[in-house]
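To start, the structure under review is shown below, and the notes come after it.
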Amino acid sequence: MKLNVTKKELLNTLNQLADLSEFAGENPFKVRAYRNAVNALRYINDDFEEMIETNELLKVKGIGKGIFATIKEIFENGYSTELISLKEKAPKGIEDLLQIRGLGIKKLILLNKELQVENIDDLTEVIESGKLNEIKGFGEKSIEKIKTEINRIITTKHLLLLDEAFEIAGSLKKKMENIPGIIKVELTGQLKRILEIISRIDLLVLVNPNSKKECIDNLKETFVIAEEKGGNEISVLRLKAAKKREIYLHIVTSEEEFTKADFILTGSEYFTSKFTDLSADFKSEKEIFSENKIHFVAPEMREEETENILLRDSSPSDLDFPGMKGMLHFHTVYSDGANSLEEMVIAGKESGFEYFAVCDHSKSAFYANGLTEERLIEQHDEIAALRKKLGVEIFHGIESDILKDGSLDYSDEILSGFDFIIASVHSNFNLPEEEMTGRIIKAIESPYSNAIGHPTGRLLLRRDGYKLNILKILDACAANNTAIEINANPHRLDLDWRNYDYAREKGALFTINADAHATSHIEYTKYGVMIARKGGIKKSEVINYLSLEKFKKFISK
């Protein structure tokens, strides 16, 4: 069975092997072999699985028998046993140190040798003592950047992205549902509110009132409990979890208590403060709203920032997944994806999509094996053949890089040949706000741009967005009928939901895209739908829900 390992994930694993091998003082030739393999694989756009099965990968310059065996293991098992061994031998804090942009393995080896730095605390100490200033290669600017990175790692270490939190909570829920006496378990709190960054996981547990103590004892046997708070109506267990993550189990014994606790845990403090009467027993959340003479609000919209939306339209979003018609902005082996175009389309059909727009990286994205003009012709021919073979509409799209001056990175002649173009920034992130804003607006105004990809460029818990005037960007999208992407990858969820209302008022359209680099990533779409529902977006505002004929009309701009 094929494991969906993307090219990016493979290259990251090989880079880790190189870094940790170098840190461990392994043979320099071995380290160089890993780095050479990364460079060699970066520009291959053939199906890796087939190249492994047929041993064709061994014919690639830079891929020897040892590296080939490592790559095969990664593809078959999803991990490298050698990397696991290297991590076990290395200092426990090495992975955190490798996350610090601007440090690098050679500097890390130097700091370990000269100052015995093995973790974030050690590095912080040598910075505060002034010892780092004495080491060659560390100036004031680089030290300030390292301090910023350390602060980012420390402040975000206990936080979770939405998909990670759902995975952890789902696993806990499954374990608890098998414990005798537990009637039902539901996710509540921040997860039910669909916050893009989760600081705590809350699960609400309804138990048989006659076996509450027994259930709690069973939970203590199943999980490591850090703290227990008892009560007549509700008991709370805080689990002892890795990386200081906050996980709470709220145990209640009646449906009425369950309803009230779920409501209180889910709403933001600002939202729940509007409800003055919570003393009665309620059989449903709708009763709570009705009793307090407030229109019902979906859990994901119980925020201060959504109040203006609800004043205009209190009806919940009608978005769903599956239910979308168009799968737009996904990648294949032509650039940095893990799967072929055919595999992506078949998987998309199985997820309910009816038409497709493949958007591999453009030629400026050399790091992602972006498509040259010659390779575009090859992909165009394959798309034509697949349309006939699979009996579905496949549009030839591209994720075109927005260059520093705001132009797209192909000639007008080439751009005019695409069916669907999503324009994205992938370089020169640190431009001044005015320059970055103008750059993106110029791309939006291009007659070839159909959508603007991940508009702010943020990577949650890793990188802030570019400096730009987002309102001017949204104005330009509305004025030029250029759709705004809600990038559904949980690392992005970009555009931020707090900006949806402004865009909607201006009459802008959205596109919800998984930005899938493997068939398994298509599922990311659901997170995009979740976050779009949080902003109150309706199907009529999202181009992915257009019928095929209406989508064709939209892209004919």
Leu110 fails exactly one of the following numbered conditions: (1) in the same structural domain as Glu140 (by TED's automatic domain parsing); (2) modelled with pLDDT under 90. What is the number of that condition? (2)
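Any chance segment 29-41 includes a residue that's among the aromatic types (Phe, Trp, Tyr) and under 23 Å from Asn369 (Cα atoms)?
Here is the first cut: in segment 29-41, the ones among the aromatic types (Phe, Trp, Tyr) are 29, 34.
Cutting the leftovers down to under 23 Å from Asn369 (Cα atoms) gives us 34.
Yes, that holds for at least one residue.
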Identify all residues within segment 413-422 that are closer than 19 Å to Lys553 by Cα and not hydroxyl-bearing (Ser, Thr, Tyr); write none if there are none. Leu415, Gly417, Phe418, Asp419, Phe420, Ile421, Ile422
Which number in (1) modelled with pLDDT under 95; (2) surrounded by 23 or more Cβ atoms within 10 Å (Cβ to Cβ); (3) within 21 Å of Ser446 (Cα to Cα) marks the one condition that Asn339 misses? (3)
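For the subset of segment 365-398 comprising residues that are in a strand (DSSP E or B) and in contact with a helix residue (DSSP H, G or I) (Cβ under 9 Å, 6 or more places away or on another chain), which member is surrounded by the fewest Cβ atoms within 10 Å (Cβ to Cβ)? It would help to see each step written out before you state the result.
The initial filter retains those residues of segment 365-398 that are in a strand (DSSP E or B), namely 371, 393-398.
Those still in the list that are in contact with a helix residue (DSSP H, G or I) (Cβ under 9 Å, 6 or more places away or on another chain) too: 371, 393-396, 398.
Numbers: Leu371: 22, Glu393: 15, Ile394: 23, Phe395: 20, His396: 19, Ile398: 31.
Per the criteria, the residue is Glu393.
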Quick one: Gly406 ticks every box in (1) on the phi > 0 side of the Ramachandran plot; (2) surrounded by fewer than 15 Cβ atoms within 10 Å (Cβ to Cβ) except a single one, so which number is it? (2)
So for segment 67-74 (the condition being buried (at least 17 other Cβ atoms within 10 Å of the Cβ), in contact with a Phe, Trp or Tyr (Cβ under 8 Å, 6 or more places away or on another chain), under 20 Å from Glu343 (Cα atoms) and not assigned by TED's automatic domain parsing to the domain that holds Ala368), does at least one residue qualify? no
Hey, does segment 410-419 have a residue that's in the same structural domain as Leu474 (by TED's automatic domain parsing), in contact with an Asp or Glu (Cβ under 9 Å, 6 or more places away or on another chain) and part of a strand (DSSP E or B)? no
Which numbered condition trips up Leu195, out of (1) surrounded by 14 or more Cβ atoms within 10 Å (Cβ to Cβ); (2) outside the structural domain of Met301 (by TED's automatic domain parsing); (3) outside any helix (DSSP H, G or I)? (2)
Pairs, first within 12 Å of Tyr334 (Cβ to Cβ) in segment 376-391, second assigned to a helix (DSSP H, G or I) and modelled with pLDDT of 95 or more, C-beta under 9 Å, six or more apart: Leu376/Ile414; Gln379/Leu341; Glu382/Leu341; Glu382/Glu342; Ile383/Leu341
Members of segment 485-507 found to be farther than 16 Å from Ser317 by Cβ, surrounded by 24 or more Cβ atoms within 10 Å (Cβ to Cβ) and not charged (D, E, K, R), listed by number: Asn487
Exception for Phe356 within (1) in contact with an Asp or Glu (Cβ under 8 Å, 6 or more places away or on another chain); (2) in contact (Cβ under 8 Å) with a residue 40 or more places away in the chain falls at (2)
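Please go through segment 62-90 and pick out each residue that is touching a helix residue (DSSP H, G or I) at 6+ places or on another chain (Cβ under 8 Å) and outside any helix (DSSP H, G or I).
As a first pass, look at segment 62-90 and keep what is touching a helix residue (DSSP H, G or I) at 6+ places or on another chain (Cβ under 8 Å): 62-68, 70-75, 79-83, 86-87, 90.
Gly62, Ile63, Gly64, Tyr79, Ser80, Ala90, listed by residue number.
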State all residues of segment 158-190 that are touching a strand residue (DSSP E or B) at 6+ places or on another chain (Cβ under 6 Å), over 16 Å from Tyr248 (Cα atoms) and not in a strand (DSSP E or B); if no residue qualifies, say none. Gly181
Considering segment 508-557 alone, what residues qualify as being within 28 Å of Ser314 (Cβ to Cβ) and β-branched (Val, Ile, Thr)? Thr511, Ile512, Thr525, Val529, Ile531, Ile537, Val542, Ile543
Those residues of segment 131-157 that are assigned to a loop (DSSP other than H, G, I, E, B) and modelled with pLDDT of 90 or more come to a total of 0
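Per-residue answers, yes or no, for (1) among the aromatic types (Phe, Trp, Tyr); (2) closer than 15 Å to Tyr527 by Cα; (3) at pLDDT 95 or above:
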position	(1), (2), (3)
Glu167	no, yes, no
Lys175	no, no, no
Glu196	no, yes, yes
Asn208	no, no, no
Leu219	no, no, no
Between Ser400, Ser340, which is under 20 Å from Asn544 (Cα atoms), among the hydroxyl-bearing types (Ser, Thr, Tyr) and assigned by TED's automatic domain parsing to the domain that holds Asp494? Ser400
Filter segment 251-280 down to the residues that are in contact with a Lys or Arg (Cβ under 8 Å, 6 or more places away or on another chain) and in a loop (DSSP other than H, G, I, E, B), then identify the one that is surrounded by the fewest Cβ atoms within 10 Å (Cβ to Cβ). Leu278
Quick check: anything in segment 461-483 in a strand (DSSP E or B), assigned by TED's automatic domain parsing to the domain that holds Leu408 and buried (at least 20 other Cβ atoms within 10 Å of the Cβ)? yes
Only one of Ser284, Ser268 that is touching a residue at least 12 places away in the same chain (Cβ under 8 Å), hydroxyl-bearing (Ser, Thr, Tyr), touching a Ser or Thr at 6+ places or on another chain (Cβ under 7 Å) and in the same structural domain as Gly189 (by TED's automatic domain parsing): Ser284
Could you go through segment 436-457 and let me know if any residue there is in a strand (DSSP E or B) and either hydrophobic (A, V, I, L, M, F, W, C) or modelled with pLDDT under 95 (or both). yes
Can you name the residue in segment 352-364 that is part of a loop (DSSP other than H, G, I, E, B) and crowded, with 16+ Cβ neighbours inside 10 Å and is also nearest to the chain's Cα centre (by Cα) among such residues? Phe353
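Does Ala423 satisfy the criteria of being assigned by TED's automatic domain parsing to the domain that holds Tyr545, in a helix (DSSP H, G or I) and hydrophobic (A, V, I, L, M, F, W, C)?
Values: assigned by TED's automatic domain parsing to the domain that holds Tyr545: yes; in a helix (DSSP H, G or I): no; hydrophobic (A, V, I, L, M, F, W, C): yes.
Judged against the criteria, Ala423 is not a match.
The values are calculated or read from the model by the stated rules, or taken from the named source; none is laboratory data. Source: prediction; values computed, not measured. No Cβ is skipped: glycine too gets one built from the backbone with ideal geometry, and neighbour counts run over all protein chains shown.
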